[in-house]
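The values are calculated or read from the model by the stated rules, or taken from the named source; none is laboratory data. Fair warning: this is a prediction, and the values are worked out from it, not measured in the lab. Note that we place each Cβ from the backbone using ideal geometry, even for glycine, and neighbour counts take in every protein chain shown.
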Amino acid sequence: MVTNIIRWIIAVPAGLGAWFGANYSIGTTFGFAHGFEVVDEFWEAPDMNGMPISGTYIILITRIVAAAALVGMVVYVVPHYHKRVAIVAASLVSAAAVGFLGFVLFQAMSADLNIGLDGWYRQILDMLSIILGAIFGAWMAYGSQKHRAHA
């Protein structure tokens with residue numbers, strides 16, 4: 001029982017570490033490919049910053065891999081009930097992504113912010129990429145644990 005609690009205590013920070021590690025390594029890779037200044041300006045901009053095609057795949061790859069790393073790490077570290085843990089972790093990460101989009105929508109409405117079409121495209125793409133990554137990470141980690149348990 002105590003070991004299970006300790007693993008849960010370790011799993012969440014390990015998942016967040018995997019999220020940040022994936023973001024950093026992929027960001028560095030895109031920096032080498034597109035130029036660090038261009039990628040930094042893209043991440044700092046509230047919209048697609050004139051990069052609709054390359055910005056789309058930067059967001060897709062970064063968010064999918066980072067969310068998959070977060071959920072996968074949690075599923076891998078937590079003992080037993082891997083299917084339930086995968087579903088819960090993917091659901092929580094997806095809910096956080098939807099919640100963040102709701103927060104942006106609330107901020108835009110209450111502060112009369114003018115978020116253009118590019119800005120909304122980016123926010124929705126962020127949310128969908130994180131949800132897809134969470135589902136992919138849960139599926140991969142659960143499958144890995146299932147095969148590992150049979151071996």
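Quick one: would you say Tyr81 is of a type outside the set (Val, Ile, Thr), at positive phi and at pLDDT below 95? Against the criterion (of a type outside the set (Val, Ile, Thr), at positive phi and at pLDDT below 95), Tyr81 qualifies.
If you go through the stretch 10-38 and keep only what is hydrophobic (A, V, I, L, M, F, W, C) and within 26 Å of Ile135 (Cβ to Cβ), you end up with Ile10, Ala11, Val12, Ala14, Leu16, Ala18, Trp19, Phe20, Ala22, Ile26, Phe30. Return yes when Gly35 is surrounded by fewer than 15 Cβ atoms within 10 Å (Cβ to Cβ), over 20 Å from Asp126 (Cβ atoms) and without any contact (Cβ under 8 Å) to a residue 12 or more places away in the chain and no when it is not. When the stated conditions are applied, Gly35 passes them.
Are any of the residues in the stretch 25-32 part of a helix (DSSP H, G or I), surrounded by 16 or more Cβ atoms within 10 Å (Cβ to Cβ) and aromatic (Phe, Trp, Tyr)? Scanning the stretch 25-32, I find at least one residue that is part of a helix (DSSP H, G or I), surrounded by 16 or more Cβ atoms within 10 Å (Cβ to Cβ) and aromatic (Phe, Trp, Tyr), so the answer is yes.
Is it the case that Ile53 is closer than 20 Å to Asp118 by Cβ and either of a type outside the set (Asp, Glu) or in contact with a Leu (Cβ under 8 Å, 6 or more places away or on another chain) (or both)? In short, yes. Among the criteria (1) closer than 23 Å to Trp43 by Cα; (2) surrounded by fewer than 17 Cβ atoms within 10 Å (Cβ to Cβ); (3) among the small types (Gly, Ala, Ser), the one Ser94 does not fulfil is (2).
Gln107 is checked against (1) among the polar types (S, T, N, Q); (2) exposed (fewer than 13 other Cβ atoms within 10 Å of the Cβ); (3) under 21 Å from Ala18 (Cα atoms) and fails just one. What number does that condition carry? Every condition holds for Gln107 apart from (3).
Of note, Ala96 does not satisfy the criterion of being small (Gly, Ala, Ser), in contact with a helix residue (DSSP H, G or I) (Cβ under 6 Å, 6 or more places away or on another chain), over 18 Å from Tyr24 (Cα atoms) and modelled with pLDDT of 95 or more. Restricting to the stretch 38-63, name every residue that is over 18 Å from the mean Cα position of the chain (by Cα), surrounded by fewer than 16 Cβ atoms within 10 Å (Cβ to Cβ) and charged (D, E, K, R). Selection gives Asp40, Glu41. Among the residues of the stretch 86-107, just one is touching a residue at least 12 places away in the same chain (Cβ under 8 Å) and farther than 17 Å from Leu132 by Cβ, namely Val104.
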